[in-house]
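This report concerns only the one structure given below.
The values are calculated or read from the model by the stated rules, or taken from the named source; none is laboratory data. What you are looking at is a predicted structure, and each value in this text was computed from that prediction instead of being measured. Every residue, glycine among them, receives a Cβ derived from its backbone with ideal geometry; neighbour counts consider all protein chains shown.
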Amino acid sequence: MNTIKTATLIAVFFVVFLSASSCSKIQEDAFIKGFWKLNELYFDTMQQNQMPVYFPGFTSTGNCCVYKLDFEPDAVIGYYLVNNTFQKVTIGNWEITKYNQILLQVDSFADGIFDIKKTTIKKYELTSENNHVKFLDTIPSMDSTYTKLIIERI
């Protein structure tokens, strides 16, 4: 009888373990399949989208400029385009650390662990309480700060 209980417990543990692993894989697949664009970028308590501040020419209402993210299995590539001309290309790292968390290191605005929140079918909100922002290194009190990224599948 103890053998049956032990076998049952092992089977239950194995199923739970596989389910948790598969959830991370599902989330990983969601990021890998397709391009994403960075629509909004917020730091600390700033209420205004910082994309126009850090990416010349960017406007929230126009279609001239876009910051694209391409999540590949072994890297993330960031592209900033103005009128379909490459202005900046960066290569970084990413990894799903938990089902609802991503380690994201790309460009000068993201270097931290972000919580993942799916807001619509195509939009995700990534937030970090302690993201290192390289272009804020000149302001030591803000170089690691709360950051919110709003990305959309394109």
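Looking only at the stretch 123-136, decide whether some residue is without any contact (Cβ under 8 Å) to a residue 40 or more places away in the chain and in a loop (DSSP other than H, G, I, E, B). So far as the stretch 123-136 goes, no, none of its residues is without any contact (Cβ under 8 Å) to a residue 40 or more places away in the chain and in a loop (DSSP other than H, G, I, E, B). Of all the listed residues (95, 152), the sole one being charged (D, E, K, R) and in contact with a Leu (Cβ under 8 Å, 6 or more places away or on another chain) is 95.
Considering 120, 138, the condition of being over 14 Å from the mean Cα position of the chain (by Cα), of a type in the set (Ser, Thr, Tyr) and within 22 Å of residue 66 (Cα to Cα) is satisfied by 120 alone. Is at least one residue of the stretch 97-110 β-branched (Val, Ile, Thr), free of Cβ contacts under 8 Å to residues at least 24 places away in the same chain and touching a Phe, Trp or Tyr at 6+ places or on another chain (Cβ under 6 Å)? The answer is no; no qualifying residue exists.
If you go through the stretch 48-88 and pick out every residue that is in a loop (DSSP other than H, G, I, E, B) and within 18 Å of residue 34 (Cβ to Cβ), you end up with 2. On the basis of being at pLDDT 90 or above, hydrophobic (A, V, I, L, M, F, W, C), farther than 25 Å from residue 139 by Cα and surrounded by fewer than 14 Cβ atoms within 10 Å (Cβ to Cβ), does residue 71 make the cut? The answer is no for residue 71.
For residue 62, the criteria (1) closer than 18 Å to residue 43 by Cα; (2) surrounded by fewer than 12 Cβ atoms within 10 Å (Cβ to Cβ) hold in every case but one, which is (1).
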